[in-house]
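The values are calculated or read from the model by the stated rules, or taken from the named source; none is laboratory data. If you're wondering where the values come from, they're calculated on a predicted model, not measured in any experiment. Methodologically, a virtual Cβ is constructed for each residue, glycine included, from the backbone with ideal geometry; neighbour enumeration extends over all protein chains shown.
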Amino acid sequence: MNLIDVHCHLNHAQFKEDLPDVLNRAKKAGLKAILVSGVNPPANREVLQLAQKYPVIKASLGIYPIDALGLTPDAAGLPHHQGKINLEEEFAFIEKHKNTVVAVGEVGMDFFWAEKEKTFAEQAENFRKIIRFCIKIKKPIVIHSRKAEEECIDILEQEIKNKEIPVIQHCFSGRKSLMSRAAVLGHYFSIPPNILRAGNFQTLVRKTDIKQLLTETDAPWLSPYQDQKNEPAYVLESVRKIAEIKEISVDEAADQIWENYERIFS
Ligand SMILES: [Zn+2]
């Protein structure tokens, strides 16, 4: 069985001590690729180093919307960036490494950590620039849209014509009508293992063609087990739940998701 985690943060402080063990457990569980997502310039550099060190790790370099504004809260456990991010400089860095980088993300908009009234214009402008950059370098884009699902879909719809690049909605928490809108636009949804407890992800899986589903962990967050940090091996929980909802075997679900991964990221 080939398993895939398209979004996690193995450069987080919580993995400083046990990364080799975490990767061993991932390997045993069947993980064939683990996309580690950057959120800002120092994090992106760490992600590239991890990808160079461990073949199973693939680099997804990103510009988190809150980091782009220079509003990141301290002690997030990820490398901290002071002040606003210079997008053009970071685009140049990503482009320079585009043979190693498999996707751009996480990127998008967030009105949970930043007030919409004060930051919409700047977040939207940054997001548009990032989408245009992804189209230019022809990379899949991994979307973070906390409390900004509709706004992100609006902008993605305006900027991406004819499905030029794959769009992966990470941890999508929009309402049902937005699930349908994104699905019609051809977006993919990556499903985290807390689907075991989260009814909205179960609905998302029920409503979406399996050809548009992927799996992620967002580790160390979104654990399927309340008292344990999350890790890539737990994508198996997402696959099991997807299999149950779609009424197919776990092997069939894993095969289809792996096929999706290869089609999207090759
Ligand atoms: Zn994340």
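Here are the numbers:
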read-out: Inter-residue pairs, beta-carbon under 9 Å, first touching a residue at least 60 places away in the same chain (Cβ under 8 Å) and in region 64-91, second among the aromatic types (Phe, Trp, Tyr), 6+ apart; value: PRO65/TRP113; PRO65/PHE127; LEU78/TYR64
read-out: Residues that are within 16 Å of the ligand (Cβ to nearest atom) and either at pLDDT below 95 or out of contact with any strand residue (DSSP E or B) (no Cβ under 9 Å at 6 or more places or on another chain) (or both), drawn from region 168-180; value: SER173
read-out: Candidate set: region 181-216, residues that are touching a Ser or Thr at 6+ places or on another chain (Cβ under 8 Å) and hydroxyl-bearing (Ser, Thr, Tyr); chosen: the one nearest to the ligand (Cβ to nearest atom); value: SER190
